[in-house]
Amino acid sequence: FDNRAMMGWIHVAHIEMQDAHYGRALELLKRAEARAKAIGSAYGLSQAYAAIGEASRLAGDLNSAEDYYEKSYQIQNDIGNVSAQLARINVGLTRVERGDRGSARLLLLQSLTRTQKKLYIVAAHLGLLVCAAEDRDPSAWRESMDLLIEWGSHGRADIDFAHMSELAATTALDAGHIDRCREAWGFAARQMHRLGRHEEVTRIGDALAALG
């Protein structure tokens with residue numbers, strides 16, 4: 001029962017995150033963290049830490065996010081869990097948001113050499129898209145954007161993908177790459193639409209219209 005309850009709280013917390021209810025998610029995840037510690041579940045604790053990191057990052061608390069992702073990585077690496085690389089990728093995504101793009105790019109590129117899991121590869125390219133948004137050479141942007149478009153073409157949607165692609169759009173806009181900005185905002189709008197976030201779709205549509 002303890003394991004089922006703990007993983008159930010983590011699962012519900014992820015649903016709350018998709019609806020942008022980060023405070024509710026963190027409440028559930030703190031309960032999962034306490035239960036994992038009480039029953040001595042290293043795997044459960046690593047999953048709780050990873051989810052707390054995600055909720056913290058989406059809520060804008062980047063320092064806490066990186067701390068929890070690092071804790072998750074250390075535990076998963078110690079127990080030989082294959083999800084360890086995803087925790088490292090999430091550290092990279094947090095650094096992307098903080099603006100530490102050089103460190104983030106190196107970490108994400110390194111992670112790509114250590115995993116063959118499609119979801120992890122796509123997640124790494126989500127961060128690399130932001131890093132490439134202001135590059136003069138379009139090749140890195142094209143590689144990451146094409147992979148994300150292919151991932152999204154199967155009807156998949158995730159609030160994190162919408163959030164990070166918006167960051168790529170604004171980064172490209174600041175760098176004067178209007179076509180990249182349009183492409184990333186378009187991807188974000190499609191993600192928001194699939195998530196039922198219609199106000200966000202309207203907001204992004206207005207931003208696209210303002211580009212002319």
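The values are calculated or read from the model by the stated rules, or taken from the named source; none is laboratory data. Every value quoted in this text rests on a predicted model; they were computed, and no experiment measured them. Cβ: placed from backbone, ideal geometry, glycine included. Neighbour counts: every protein chain shown. We work out accessible area using only protein heavy atoms, side chains counted, and drop any ligands, DNA or RNA first. Shrake-Rupley method; radii C 1.70, N 1.55, O 1.52, S 1.80 Å.
Enumerate the residues in the range 138-157 having an amide nitrogen under 11 Å from the point lying 7 Å beyond the Cα of R194 toward its Cβ.
In the range 138-157, the label zone of R194 (backbone N under 11 Å from the point 7 Å along Cα→Cβ) covers 148-157.
For the chain, give the magnitude of the charge dipole about the Cα centre (Cβ charges: +1 Lys/Arg, -1 Asp/Glu; no others), in debye to the nearest 20. Could you put the intermediate results ahead of the total?
Values: 25 positive and 28 negative charges, 109 e Å.
The dipole magnitude comes to about 520 debye.
Report the Cα centroid-to-centroid distance between the range 156-192 and the range 50-88 in angstrom, as an integer.
First find each Cα centre; the distance between them is then 24 Å.
When the accessible area of the range 78-201 is computed with all protein chains present and a 1.4 Å probe, what percentage of it is carbon and sulfur?
50
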